[in-house]
Amino acid sequence: MMKTITISVLLAAMALLAVSPAEAAYRPTDSEIDPAMLKVDEKKILGNKIDIDLVFLDETGKEFTWKEKAGRAHVLVMSYFTCEGACPAFSADLADILEKTQALGRVKAGKDYDVITVSFDKNDTPKTATHFKHMLDLPAQLSENWSFASLKYPRQLKKFTSGLDFRYFWSFTDRMFYHPNVYYFISPEGRVVRVLHSSKVEPNDMQLALIDSFFNKLQPSQVITMAISFCYSYNYKEGKYGINYPLFFAMGSLFIGIGAFGVGAFIVRKRGKPKENQI
Amino acid sequence: MRIKAFSVIAGAAAVLALAFPGDALALNDHTPEWDKVWMHLLIDVGVIGAIFLVVSIYFLLAYTRKSEDEVGKLKQMSFGNSLAWALIPAFIFMADDFYLAAQGWKLWNDQRRVPEGAYEIQVTGRMWGWDFAYPNGVISSSDVEYDDSGKVTGIDGDGLVVAQGKPVVLRMSSTDVVHSFFIPDFRIKEDLMPGRITYLWFNPKDAGKHVYTCTEYCGIDHSRMYGNVTILPQAEFDAWLASQDEG
Amino acid sequence: MKEWIFTTDHKRVGILYLIGTLAAFAVAGIMALAIRLELWNVGPGILSGPNQYNVALYFHGAAMILGFLIPGLTGFLANYLIPMMIGAHDVSFPRINALSVWLYWFGIVLALLTFVIPNPPDIMWTGYVPYASQYSGGNSAFYVFTVHLIGFSSILGSVNFLCTIIYMRAPGMGWNQLNFFVWTIAGAFVIQLIFVPVLAAAVTLLLLDKYFGTAFFVPDSGGDVLLYQNLFWFYSHPAVYVILLPAVGALMEIITTMSRNQVFNYKVAVYGGVWGVVLLGSDVWVHHLYTSGLADWLRIGMMVTTLIISVPVGLLTISLVGSLYKGSIQYSTGMLYASSCLFLILLGGLTGIPLAMTSLTLHLAETYFVMAHFHFIMGITATFALFGAIYHWFPKMTGKMYNETLGKISFTLNFIGVNVTFLPLFGIGVEGMPRRYYDYAMFPQFQGAQQIATVGSFIIAVAMALTFVNWIHAAIAGAPAGKNPWGSASLEWTHADSPPGPGNFPTPPTVSEDWTPYNYEKA
Ligand code: HEM
Ligand SMILES: [Cu+2]
Ligand SMILES: [Cu+2]
């Protein structure tokens, strides 16, 4: 019974995909993937705001909108909860990186940010979410601050994913979804601040992206955090952070003049009492 | 001279203030508020300036040299006097600074806090024109056209069209160099950069047309990077947006 | 000729600076006239197009600041006056001093090459990336090398003069007996010493980006365009105090001498005013970036520091005005320039207050209001201070007297000219006229004000021409001026001839405990 429903919904989804011209190009006639499709155009979506009217259900079945999430930065991950391969692995990776990031000592889940996984599968429910979360077996602190949500009205999915430039399709041959594996960093105002492709993320990048996402909310006590963020700058082409060299050159150059003065003063003193009176 | 200077400025500000009567607003509309803070500031610096100027002119006229061997009679100040002449003015300046800062701070919050549910338009600056992307995907542009002699002949594209009575938030970035989006009538500007997002908001209360223009030097056609904000009643705006969709 | 080229005498080095700065001022001034003519009416005007306009404006801005005001005040005035004021026979490193002036001259020549090279720079004196590094068709390298040469020259000058002031004062001269001008120069050179290298670093990276394919400021490859702006203003805001402080110092010397008075509240003006400006001046640069997209809290923070700068600047102004109190004022041309500055510094300084407020600047930034503001404070106040100083020390430098009547006529014209030129620009600035505009087709209603400004600029041109004629004529055929025509109590007047010979003083001065350069009662 369950299975027939699932299949018919999937077929319906397929039909929808087929009629929507934008998605037509990606219709899975074979299992070859167009890699461009799995890319998220970061620059295009930066600053996009998550629709605050969309209603989500978390894994406990509680309703919420992004309005209630405002005030806290988020790492947003798109998954589907019946996935048995990539998604759980990808989430486990994230948990791992977040643990390592926390060990760097600057950002803390639950204090500076929360994590949220949103399903892009129309069939996901709080029940599948609970199962998925359970299987992940997250460390306690992350688990508390990581919710697994599905949309209350799945037909609004497009509204949610298009703002994130998130495209995905169901492959019949492989019986799974193909979709990009990226982390979205959402500011406390609900806007996209940064997108990192999961394959390249190191704890340092994760930390910097998180700081970027709540940069406007930094407290005076977090000056070191802020300073760290100034020391790096983001490289769009590579999707990674790099050292902000000009800043170091400039700070280094601050010593040139002072050093020159030191040399000058040293020479004058060595000359002994100036001969100014002899003319 | 100085009175003239400030009357020129005050006059200009007054003209602008008349164009935007500051009636009560439901949302903290920052445009008329700007004019109010500006007026306060003119009075404030006008008073300080007048005091300094009157004293200077009096000294310059009163203490001219009376005889060839006359010398100035300014005495070395006692420690207490000298300290008083440092602390009292410092205190007065600081007090005024904080008064102005407080006024500016309030206005600043209104300027930077985007009202809930503002209509969002994506602005892209490029050498040398503007693109405005609407939530439904429509893109409206503006490019200034000029003839061989360099004389401006018109503007291609509708530019920024918004609905009357609904706050608009502009989310901006640039595809090439730094530009800056400035609507003088709404007293706002902010730079657009490649790789970063900036924003502005304003409240188009009345239907009408206003100039927007680029205010960060961006090369040869920097002065020809302008267009019009057209504010239409909601129905007309909807019709305009729909007509764009078809096109 | 040869003795001028190989000179290491601080007075001749000073004169060489003076010639360079006046040349830069003249050419940049002619560019200003071209700009003003172009703006006479809406639409294209006398220039061949926007590119020519942008090049002229680039040259005007860069030459006025890097070639005229900074070297005029810290090169010419400091060189000529500092050693004499402190009773020294020369600077600590005379040969390095000579090197400084020639580096500066090469910088000027490079800047002047703007007019002969193909594709001259059009990046404005701010050289913002990525326009200057990736998009401009002009040879930004000329801008960068000009900054390098003049910057290097400044650093050498800073070391030299700070050492001179610290180690070469006349026997017996304590810190509180220094001329006020000496203090302002010390403050200015401390700023130069610390901050010039930052500007040099920023423009060097710009150069590498443009010609060597690096990506320091390319956003796609990890660069940050905002960082350039921060670095640029990190130097260039303090740089306005490099201009303002010596200008105030020169005004103070003229005012005290011509009213035979001491400096009002000397210690407060020195330790609170001068050093207050130096200290606070390094924490306010973001007021140039109020609309650049920096974090909101940063803008608010620097609004507060910027407003607080009004305290030391206010103390300096009070001392300028106070030094007239119970004075015995004689109006020479130099003193007329100095007196007018008491008005001009108010107009320039007080119009800076709205620009310190983030919220008002959201409208005012990058408009003619800003343009008029900085012209009043440096294009006019500091420039008038420098011209007043040239008049004031003219008898000392040449031993001859200029024509006082012609001096006063040209001053009057100049004063009228600057107000006619720049007051209307405040008005249209508030109404939204953006700066750096070749054309203003969107604001045809501003044409009237633009035309008044253009007329004013030609009044200034006439006044400047008369001034130059006066100086040149007097230098050749002026009446002998005598050792101390103004009856000053400062060492360069009381102990040195006009013009001073090699080594400055026939007998090296030693000063007593109650000596000050302002002690007229004793003198
Ligand atoms: C003597 C008469 C002067 C006139 C008529 C004049 C005129 C102008 C005009 C019209 C502009 C702006 C044009 C535009 O934004 O499109 C300008 C810009 C400027 N002027 Fe002057 N100016 C004069 C003197 C000075 C002086 C003495 C300084 C000295 C330090 C100066 C420094 C500048 C600077 C830094 C700019 C900005 C350049 C830029 O935007 O990059 N000017 N001037
Ligand atoms: Cu522009
Ligand atoms: Cu500044």
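Restricting attention to the range B:196-241, the residues that are at the interface with chain C (Cβ under 7 Å from one of its Cβ atoms) and either more than 16 Å from residue B:127 (Cβ to Cβ) or under 13 Å from the mean Cα position of the chain (by Cα) (or both) total 5. Of the helices (runs of 4 or more DSSP H) contained entirely in the range A:107-209, those carrying at least 2 residues that are closer than 16 Å to residue A:59 by Cβ and at pLDDT 85 or above fall at A:126-136, A:140-144. Just to be sure before I move on: is residue A:182 of a type in the set (A, V, I, L, M, F, W, C) and in contact with a His (Cβ under 9 Å, 6 or more places away or on another chain) in the structure I sent? Against the criterion (of a type in the set (A, V, I, L, M, F, W, C) and in contact with a His (Cβ under 9 Å, 6 or more places away or on another chain)), residue A:182 qualifies.
Answer yes if at least one residue in the range C:466-476 is in contact (Cβ under 8 Å) with a residue 60 or more places away in the chain, of a type outside the set (Gly, Ala, Ser) and at positive phi, and no otherwise. No; the residues of the range C:466-476 include none that is in contact (Cβ under 8 Å) with a residue 60 or more places away in the chain, of a type outside the set (Gly, Ala, Ser) and at positive phi.
For the criterion of being acidic (Asp, Glu) and more than 16 Å from ligand 1 (Cβ to nearest atom), residue B:216 fails.
If you go through the range A:223-275 and keep only what is touching a residue at least 40 places away in the same chain (Cβ under 8 Å) and in a helix (DSSP H, G or I), you end up with A:224, A:225, A:228. Among the residues making up the range C:345-378, a single one is closer than 30 Å to residue C:406 by Cβ, more than 13 Å from ligand 3 (Cβ to nearest atom) and surrounded by fewer than 24 Cβ atoms within 10 Å (Cβ to Cβ): C:375.
With respect to being closer than 25 Å to residue C:141 by Cβ, within 16 Å of ligand 3 (Cβ to nearest atom), modelled with pLDDT of 95 or more and crowded, with 20+ Cβ neighbours inside 10 Å, residue C:31 falls outside the description.
Looking only at the range C:45-65, residues that are more than 16 Å from ligand 3 (Cβ to nearest atom) and either aliphatic (A, V, I, L, M) or farther than 13 Å from residue B:220 by Cβ (or both) come to 10 in all. So for the range C:169-184 (the condition being under 24 Å from residue C:251 (Cα atoms), within 9 Å of another protein chain (Cβ to nearest Cβ), in contact with a Leu (Cβ under 9 Å, 6 or more places away or on another chain) and assigned to a helix (DSSP H, G or I)), does at least one residue qualify? No, the range C:169-184 contains no residue that is under 24 Å from residue C:251 (Cα atoms), within 9 Å of another protein chain (Cβ to nearest Cβ), in contact with a Leu (Cβ under 9 Å, 6 or more places away or on another chain) and assigned to a helix (DSSP H, G or I).
Matching residues to (1) within 22 Å of the chain's Cα centre (by Cα); (2) closer than 30 Å to residue C:391 by Cβ; (3) more than 9 Å from chain B (Cβ to nearest Cβ):
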| site | (1), (2), (3) |
| --- | --- |
| C:419 | yes, yes, no |
| C:425 | yes, yes, yes |
| C:433 | no, no, no |
| C:438 | no, no, no |
| C:446 | no, no, yes |
| C:458 | yes, yes, yes |
| C:467 | yes, yes, yes |
| C:471 | yes, yes, yes |
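Here is a check on your reading of the model: is residue A:205 within 14 Å of chain C (Cβ to nearest Cβ), crowded, with 18+ Cβ neighbours inside 10 Å and within 21 Å of the chain's Cα centre (by Cα)? Criteria met by residue A:205.
Of the residues screened, residue C:272 is not one that is under 30 Å from residue C:254 (Cα atoms) and within 15 Å of ligand 3 (Cβ to nearest atom). Among the conditions (1) under 26 Å from residue C:147 (Cβ atoms); (2) touching a residue at least 60 places away in the same chain (Cβ under 8 Å), residue C:89 misses just one, which is (1). Selection of the range C:289-308 for residues being surrounded by fewer than 23 Cβ atoms within 10 Å (Cβ to Cβ), more than 9 Å from chain B (Cβ to nearest Cβ) and either outside any helix (DSSP H, G or I) or within 16 Å of ligand 1 (Cβ to nearest atom) (or both) yields C:294, C:295. Of the residues making up the range B:144-170, those that are facing chain C (nearest Cβ under 9 Å) and of a type in the set (Gly, Ala, Ser) number 2. Restrict the check to the range C:207-224 and report whether at least one residue is modelled with pLDDT under 90, surrounded by 24 or more Cβ atoms within 10 Å (Cβ to Cβ), away from ligand 3 (no atom under 16 Å from the Cβ) and not in a helix (DSSP H, G or I). For the range C:207-224, residues modelled with pLDDT under 90, surrounded by 24 or more Cβ atoms within 10 Å (Cβ to Cβ), away from ligand 3 (no atom under 16 Å from the Cβ) and not in a helix (DSSP H, G or I): present. Residues that are touching a residue at least 12 places away in the same chain (Cβ under 8 Å) and out of contact with any helix residue (DSSP H, G or I) (no Cβ under 8 Å at 6 or more places or on another chain) within the range C:119-134 comprise just one, C:119. All of C:80, C:58 fail the test of being in contact (Cβ under 8 Å) with a residue 24 or more places away in the chain and more than 14 Å from chain B (Cβ to nearest Cβ), apart from C:80.
Annotation for the range C:172-182: no member residue is within 16 Å of ligand 3 (Cβ to nearest atom) and either under 23 Å from the mean Cα position of the chain (by Cα) or modelled with pLDDT under 95 (or both). Among residues of the range B:107-128 that are facing another protein chain (nearest Cβ under 9 Å), those with a beta-carbon under 7 Å from a residue that is more than 16 Å from ligand 2 (Cβ to nearest atom) and in a loop (DSSP other than H, G, I, E, B) at least six positions away or on a different chain give the pairs B:110/B:28; B:120/B:135. Residues that are within 14 Å of ligand 3 (Cβ to nearest atom), out of contact with any strand residue (DSSP E or B) (no Cβ under 9 Å at 6 or more places or on another chain) and within 14 Å of another protein chain (Cβ to nearest Cβ) are absent from the range C:379-391. Of all residues in the range B:191-226, those being within 19 Å of residue B:120 (Cα to Cα) and within 13 Å of ligand 2 (Cβ to nearest atom) number 4. Restricting attention to the range C:86-101, the residues that are under 18 Å from residue C:3 (Cβ atoms), more than 19 Å from the chain's Cα centre (by Cα) and part of a helix (DSSP H, G or I) add up to 5.
Suppose we filter the range C:15-58 for residues that are touching an Asp or Glu at 6+ places or on another chain (Cβ under 7 Å) and within 16 Å of ligand 2 (Cβ to nearest atom); how many remain? Counting residues in the range C:15-58 that are touching an Asp or Glu at 6+ places or on another chain (Cβ under 7 Å) and within 16 Å of ligand 2 (Cβ to nearest atom) gives 5.
Within the range C:123-140, the set of residues being surrounded by 23 or more Cβ atoms within 10 Å (Cβ to Cβ) and in a helix (DSSP H, G or I) comprises C:131, C:132, C:133, C:140. Can you tell me how many residues in the range B:171-189 are surrounded by fewer than 24 Cβ atoms within 10 Å (Cβ to Cβ) and at the interface with chain C (Cβ under 7 Å from one of its Cβ atoms)? Result for the range B:171-189: 3.
Return a yes/no flag: does the range B:205-212 have any residue that is acidic (Asp, Glu), at pLDDT below 95 and surrounded by fewer than 23 Cβ atoms within 10 Å (Cβ to Cβ). The answer is yes; a qualifying residue exists. When the range A:182-225 is filtered for residues that are among the β-branched types (Val, Ile, Thr) and more than 20 Å from residue A:95 (Cβ to Cβ), the ones remaining, listed by number, are A:192, A:193, A:223, A:224, A:225.
The values are calculated or read from the model by the stated rules, or taken from the named source; none is laboratory data. Because the structure is predicted, anything quoted here is derived from the model rather than measured. Cβ atoms come from the backbone with ideal geometry, glycine included; neighbour counts cover every protein chain shown.
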